[in-house]
Structures are given as structure tokens and as C-alpha cells.
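The values are calculated or read from the model by the stated rules, or taken from the named source; none is laboratory data. Predicted, not measured: the structure shown is a model, and the values here were computed from it. Cβ placement follows ideal geometry from the backbone for every residue including glycine, while neighbour counts extend to all protein chains displayed. Accessible surface is based on the protein model in full, side chains and every heavy atom, while ligands, DNA and RNA are left aside. Shrake-Rupley method; radii C 1.70, N 1.55, O 1.52, S 1.80 Å.
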Amino acid sequence: MIPLDIEAVRGDFPILQKPLPKGLPLVYLDSGASAQKPQCVIDKEREVYENYYANAYRGVYRFGAIVDEELEGAREKVRQFIRAEHSDEIVFTSGCTMSLNLVASGWGKRNLKAGDEILINEMEHHANFVPWQQLAAQTGATCRFLPLTDDGRLEMARIGEVLSDKTKIVAVTGMSNMLGTLNPIDELAKKAHDAGAVIVVDGAQSVPHEHTDVVASGIDFLAFSGHKLYGPSGVGVLYGKRELLEQTAPILFGGHMIDRVYKDHSTWASSPAKFEAGTIQIAQAIALGAAIDYMGTLGMDKVQEHERNVLEYAYNRLQEIPGMRIYGPGVEHRGAITSFTIDGAHPEDLAQLLDRKGVFVRHGHHCTMPLHDLLGVSATVRASFGVYNSRDDVDALMDAIQFACQRLRLT
């Protein structure tokens, strides 16, 4: 396989061409929070506003028709990208959080009752944790936890202790946003189905970095955000099997989701319109299609190979730092995320000092407070890699860490 031409890829992202004050090059290592945008995505969003913007699914005039066609074209691109069977299984939302809340409130409230169980685990992002807590509180169901191994993987050997015919939902991330752990989705889906449960996958971190095949993996619901997939902010996706979306109630009402309104009741349009109330994120959803085109041009096989190469290099080099603790499993079980602490250095201080060298990382609990409680730390530093990062970025990170350690008098 011919590797990615990383310099050409970096050239696609205008923000990476602009030096920071004092001429510092930008080293962006926070794609796990939000990825930078290639020029084609920026151009597509601008194209909508400058050439044919109108509300969607309203007008029969020329602009309205173009917008409708572009939106449905983007929906079809999403379908192909995650290999869903039908385009009406693709719902545009405001982001991954809304998608997960839609499943919890729209499907969960209809199908769970007191005595039922929801299987989650402590590595989940709050967006795939709190909605299930709320669902349990509202229905009388109980949240059960699949234990984690010492190196931050799901302890699959113990799943029989917490998965039973009482389990109605298995909610799991495809890739941990803090540990980087890649979870065995296919195996989990089979075990969930054998127990009579549905599996809900938070794909916020996995979809931008790994091949996704919802049918082959047996995924019932998949949620992800456009902005982590090099697309615009404000748009996300919920995939649901057609029969499950038919069982799901809308949680927002008005506008495009309406079928018929009477004085005493109303009826809803079919999916996906049923879940796209009001005016959806028109330009953003269309530009998400451009982001998917871009990733297709690069090739997901090449993207995965490149990011794995950068991750392995970073994982090995970071261990050169005295007092370094890297959280999560070895590189064979993780995606392009590395969270760490350094003895004697507060994560916020480290992040601020790295910023002085133009290295942008995230610090804090990364919306995983239960996981940090389990690990016994209040905060960590996270370096997350995207398709535009290279070994040079890792070297810059190492130089910046050395600078920070010197300023903190750790060396």
C-alpha cells in the first residue's frame, strides 16, 4: 500500500499553513476534541451560502430543489461510509451527544421498565454515560458495569456476570476518548443480541479513524459527530436499523417532522424526517458529505496505517520522559489517542507550557470523570492525532515536554 503523502495532506488544511505569533508552527494534537477542516469542506459550506442557500424540504423553486438534492446526496454518502443498508436509516442531528440522547429518550423510554438493565462501563464519555443514568432513573431500570482490566480494556471474560436476559441496552464506545482503547464491537454486538439486547455504539472517536461497517458488525444504533470527521461543527449522525427507528419516538417536535396536525393530536413523518424537527443544519450536513468524499479520496486503509505509525512512534518516544505515565493499553489495542501524566507536573500547567511552544493538547478529565476516579487521578494530558499529524509533530511534542519539565524544574 502506498503511504499517504503527508505533506500533500497537510497542504489541504489552510489553518496548518499559518504560523502562530513569533513564527511558531502549529502542532495541533487535539483532533479528539475537534478536527481541523480541509479546504474542500470550507469551500463546500461557502458554496451553499453563496450559490443556492434556501431552507430544506420546503420550496419547489430552484434553490430549494438544489438544497434538497445536496442534502440527500450527503445522506447517501454517510450511508455508504458506514455501510448501512438504507439511506432512511441515517438521521442528521446536532452531534453525537444529541444522537445518543435521542436513542435513550426516544427508544429507551418506550422499551425499558423497572427491573430492566443497561450495560455500560467506566471508560465511556459522559455523553454515553449520563443519558443512560437518566433513562434508568426515569424508568426504574438499573445500570450495570462491565469491569475494565488494569490496562484499560473491557474485561470480556467477566461479561457473563453483568449481561443477562434483563439487559435491554449495551452502550459502548468504539474507541475510548481518553484511553484510546479499541473495543471489540463485533463480539459485544453478538453477545448483546444473544441476550436479547440492542447495542448502541458511540462512534465519535472510532468513525473518523477506523473502517465502520454497521451491518457486518451487527450495530443497532451508531452515533458520531461531523466535526471530528473533518466536517463542520453543528452536525452529527444517528444511524439506526430501520425497524428500531420505527420503534423510536421523536424528542423534538415541529417543522419537517410533521405528517399531519389536528386540533387534538398530531402524527409524524417517516424516518429520518421524524427526527429532524425544525430547520436542520443544512450547509453543515452538505459539507459533511464533502468531508466524507475527502476521506474517501485519501483512503481509510491509508488513514489507519498512517495514524497507527504516528501513534506507535509517539507511544514509544513518550516513555523516554522520566516520570511519564501513559494510561490505557498497548498500541495493539488502541487508536490514535495518548493520555498521560508526568510526576510532579499538573496537567493544566503542562498544557499551558506546551502551548508556549505551539503544541496544542487537551488537559482535564476529558468528560470521563468516572474513569478518572477509577484511575485515581483528577486530570490528564491528552495528545490525539489526526490524518495531518506526522512524526515531526511527535518530535515537537517531545521538545515541548522537555521545555515544560525544565520550567517546572523536574529535570
Q: Quick one: net charge around LEU154, please, counting Lys, Arg +1 and Asp, Glu -1 for every other residue with C-beta under 12 Å from its C-beta.
A: -2
(Q) Going by Cα centres, segment 231-293 and segment 50-128 are how many Å apart? (A) 6
Q: Go through segment 19-56 and name the chymotrypsin sites (Phe, Trp or Tyr not before Pro) that are in a DSSP coil and have 16 or fewer other Cβ atoms within 10 Å of their Cβ.
A: TYR53
Q. Hey, what number do you get for the chain at 222 nm if only DSSP H runs of n ≥ 4 count, each worth -39500 (n - 2.57), divided across all residues, to the nearest 500?
A. -10500 deg cm²/dmol
Q) On full extension of the chain, what length is gained from GLN80 through MET300, given 0.36 nm per residue of separation minus the C-alpha to C-alpha distance? A) 77.9 nm
Q: Run down the lysines and flag those whose C-alpha is under 29 Å from the C-alpha of LYS18, throwing out any fewer than 8 positions away in its chain.
A: LYS37, LYS44, LYS228, LYS302, LYS357
Q.
Let me check I've understood the local charge: for PRO322, count other residues with C-beta under 14 angstrom from its C-beta, Lys and Arg +1, Asp and Glu -1. What total comes out?
A. +1
Q: Roll a 1.4 Å probe over the protein chains and send me the accessible area per residue for segment 1-147 in Å².
A: 47
Q: Between ASP349 and ALA65, take the C-beta separation as r, use R0 = 45 Å, and let me know the FRET efficiency to the nearest 0.05.
A: 0.20
(Q) Modelling each spin label as a point 7 Å along the Cα-to-Cβ direction, I'd like the LEU252/ASP5 distance in nm, to one decimal. (A) 4.1
Q. Given labels modelled 7 Å from the Cα in the Cβ direction, how far is it in nm from ASN316 to SER34?
A. 3.5
(Q) Could you check the spin-label model distance between SER270 and ASP392? Points 7 Å from the Cα along Cα→Cβ, value in nm. (A) 5.2
Q. At a 1.4 Å probe radius, carbon and sulfur cover how many percent of the accessible area of segment 294-411?
A. 43
Q.
Show me the helices of the chain, taken as full DSSP H stretches, that run 27 Å or more along their long axis by Cα and average -1.0 or above in Kyte-Doolittle hydropathy.
A. 62-82
**Q.** Under 24 Å from the Cα of LYS168 - lysines, other chains or at least 8 residues apart
**A.** LYS109, LYS113, LYS190, LYS191, LYS241, LYS274
Q) Put +1 on the Cβ of each Lys and Arg and -1 on the Cβ of each Asp and Glu in the chain; which of TYR313, PHE275, PHE81 then has its Cα farthest toward the positive end of the dipole? A) PHE275
Q: Could you work out which residue, out of HIS193, HIS365, HIS265, moves most in a Gaussian network model of the chain, that is, has the largest mean-square fluctuation with Cα springs under 10 Å?
A: HIS265
